[in-house]
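Single-structure report; data block below.
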Amino acid sequence: MKTIYFVRHAKSSWDDISLDDHDRPLNARGKRDAPVMADRLAELQVIADGLISSTAKRAKDTSEAFRLALNISAANCQYDRSLYHAWPASIEKRVRDVSDDWSTVLFFGHNPGYTDLANRLQHNAYIGNVPTCGIIMVEADIDNWEDFSFAEARRAGYFYPKQQV
């Protein structure tokens, strides 16, 4: 069994319109939500082997909150430009390249790709929009990441900041 937590980056700032989209930081709400959601996974006793993030500043900053809350070694953090605004086909391809030494991994990325992939999974409810800092938990009954497929994987959880817990 392999498990992935797809985490959409927390809310980003539009204060400096001269910044390239890739370089936009988190805003106050994003800085608040990222550690709250990271703590939610920690409370669920998630043990992640590593994380893989888009290189966008807002995704990397979100991933750092999760790295700290889940005690993930900096050596087990990877940053991949191909995940910046990636669509499901590209994300699926990147998942297939994860080391088989990792059973549980966190991916940090963007919409609309994350909402699209959430609905490609086996699920019991359509998701209209994965909100900022929303998390899609995915389970795949595979031994090797190279065998991963959204069509064969199951949405096992869905968490977001405004959710009542």
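Every number here is computed from the coordinates shown, using simple stated rules; none is lab data. Just so it is clear, the model here is predicted, and its values are computed rather than measured. All Cβ positions, glycine included, derive from the backbone under ideal geometry; neighbour counts span all protein chains shown.
General remarks:
- Counting beta carbons within 10 Å around each of MET137, MET37 and listing the fewest first gives the order MET137, MET37.
- Amide hydrogen proximity for GLN78: with H placed 1.01 Å from N in the peptide plane, the residues at 5 or more positions away or on another chain lying under 5 Å are LEU51, ILE52, SER53.
- Once backbone amide H atoms are built at 1.01 Å from N, SER13 has LEU26, ASN27 as its partners under 5 Å, excluding neighbours fewer than 5 places away on the same chain.
- Distance from the C-alpha centroid of region 10-27 to that of region 59-120: 20 Å, rounded to the whole angstrom.
- Size of region 107-148 as Cα extents on the principal axes (Å, biggest first): 31, 23, 13
- Pairwise Cα separations in region 19-94 fall into 10 Å bins from 0 onward with the following percentages, short to long: 19, 45, 34, 2.
- Residues CYS77, CYS133 arranged by fewest to most Cβ contacts within 10 Å: CYS77, CYS133
- Filtered trypsin sites (Lys or Arg not before Pro), region 109-165: DSSP coil and at most 15 other beta carbons within 10 Å: LYS162
- Dividing the convex hull volume of the alpha-carbon atoms in region 2-159 by its residue count gives 101 Å³ per residue.
- Working note: Karplus 6.51/-1.76/1.60 with θ = phi - 60° gives region 122-130 the couplings 5, 8, 10, 7, 6, 10, x, 6, 7 Hz, where Gly and Pro are set to x.
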